[in-house]
Amino acid sequence: MNTVHEIDEVRNKVKMWKREGLTVGLVPTMGFLHEGHESLIKRAVSENDKVVVSVFVNPAQFGPNEDFKIYPRDIERDAKLCECAGADLIFNPEPSTMYCEDASTTVNVKGLTEELCGVRRPVHFGGVCLVISKLFNIVTPDRAYFGEKDAQQLAVVKRMVRDLNFDVKIIGCPIVREADGLARSSRNVYLSEEERKAAVVLSRSLDGAEKALNSGERNASRIKEIISQKLNSELLARIDYVEVADSVNLKPVSGDIDGSVLVAIAVYIGKVRLIDNFTFRI
C-alpha cells in the first residue's frame with residue numbers, strides 16, 4: 001500500500017485500475033483513524049476491487065476558533081490501520097495542493113445545512129461539500145463510504161450527489177461504539193479521564209429515548225425531554241442541541257412522530273463537542 005500526496009499521482013493510479021476494469025471505493029477521512037474508520041475501509045474493501053482512503057484535515061470546514069490547528073494528526077499510525085484493513089492507496093495532500101490561493105468556487109447545499117450542526121457551524125458544511133466534490137473529481141470512485149455518526153453530513157452529501165449528478169454511490173455505515181456505548185470519534189482523544197467517563201451520558205440519553213419510542217411514545221417534545229433530562233444529570237455535560245428531525249429534510253418535528261426521524265444531539269463535555277444520533281422508523 002502506498003501513500004501519495006499529489007493529485008496527479010492519485011489520478012494516474014485510479015486511471016490504471018479502471019483501464020483494467022476494476023471498481024474503486026473511496027473512504028474520505030480527516031485522519032487520526034479509529035475503529036469507526038476501520039469499519040468503513042473494510043466495508044469498502046469487501047465491495048470494491050481497489051480502495052482509496054483520503055487523509056486530509058480540511059481547513060475549509062473549520063470555523064474561527066475551532067480546532068483546525070490542534071486536530072490530531074498521525075499519518076504513520078493511519079497508514080498502519082489502512083494497510084491492516086486492506087486499503088490500496090492513501091491520498092494525503094497538503095492544503096496548498098487541494099486549494100489554490102485565489103480559489104473562488106464554493107459548493108453549498110441549502111436547507112439541509114441550516115439545521116442541527118449548521119446552526120452553530122455555519123461554514124462547516126460548505127467546506128465539507130467543497131472538499132468532497134473535489135475528492136470525487138480527483139478519485140472518480142464507484143462508491144464512497146461515510147459513517148452514520150455524522151448523519152447530517154451523510155444527508156448533505158447524498159443531496160449534493162443527487163443535485164450535481166455525481167456518478168458515485170454513497171454508502172452509509174453504522175456507528176461504531178466503545179464498549180460502554182460512546183460513539184467512536186477522533187475528538188474523543190481530547191477528553192480527560194473524568195470527561196471520558198462523563199461522555200457516556202450521550203449514548204445513554206439516546207438509549208432512553210429509543211426505549212421510549214419502542215414502547216410507543218410518539219410525542220417529539222417528550223422524546224427531547226427524556227434526552228435532555230438525562231444529559232442534564234451529568235454535571236460535565238452542556239447541551240448544544242437536542243432535536244427530533246425529519247430523516248429526509250432534517251426539519252424539526254413538532255407534535256407526534258408519524259414517519260422516519262433522526263434523533264440527534266450535540267453536547268459539550270467540558271470543552272469537547274461531541275455528537276451522536278439514531279434513526280427511528282415507523
Using alpha-carbon coordinates, inclination of helix 201-214 to the longest axis of the chain, degrees: 70
If we sort 162-168, 267-273 on the protection proxy, mean other Cβ atoms within 10 Å, highest first, what's the order? 267-273, 162-168
Mind pulling the angle between the C-alpha long axis of helix 220-232 and the longest principal axis of the chain? Nearest 10 degrees, somewhere in 0 to 90. 90
Can you tell me the 0 to 90 degree angle between the C-alpha axis of helix 151-164 and the longest principal axis of the chain, rounded to 10? 50
State, to one decimal in nm, how far the label point of Glu194 lies from the label point of Glu9, with both points 7 Å from Cα in the Cβ direction. 4.5
For Lys13, list the lysines whose Cα falls under 16 Å from its own Cα; do not include residues on the same chain fewer than 8 positions away. Lys50
Under the Karplus curve 6.51 cos²θ - 1.76 cosθ + 1.60, θ = phi - 60°, whole-Hz ³J(HN,Hα) for segment 7-17, x wherever Gly or Pro sits: 4, 4, 5, 5, 4, 5, 5, 5, 4, 5, 4
Residues of segment 245-282 with amide nitrogen under 17 Å from the 7 Å Cα-to-Cβ point of Ser221? 245, 252-258
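So, by mean Cβ neighbours within 10 angstrom, what's the order for 133-142, 146-155 with the highest one leading?
146-155, 133-142
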Per residue of segment 48-61, what does 6.51 cos²θ - 1.76 cosθ + 1.60 with θ = phi - 60° give for ³J(HN,Hα)? Whole Hz please, x for Gly and Pro, Karplus curve as stated. 9, 6, 9, 10, 10, 10, 8, 10, 8, 7, 7, x, 5, 9
Separation in nanometres of the label points that stand 7 Å from Cα toward Cβ, at Glu47 and Glu94: 3.5
For Lys169, list the aspartates and glutamates whose Cα falls under 12 Å from its own Cα; do not include residues on the same chain fewer than 8 positions away. Glu47, Asp142
Sequence neighbours fewer than 8 away in the same chain don't count; with that in mind, list the lysines whose C-alpha is under 16 Å from Lys251. Lys110, Lys224
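If R0 is 25 Å, what FRET efficiency do you get for Lys211 and Arg187 from their C-beta distance, rounded to 0.05?
On the way: r = 27 Å, r/R0 = 1.08.
Efficiency, rounded to the nearest 0.05: 0.40.
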Where the centre of each part is set by its Cα atoms, how far does segment 93-129 sit from segment 28-81, in angstrom? 17
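Read-outs: derived from the displayed coordinates by stated rules, not from any lab. Everything numeric in this text was worked out from a predicted model, so none of it was measured. For neighbour counting, all protein chains shown are included, and Cβ atoms are generated from backbone atoms with ideal geometry for every residue, glycine included.
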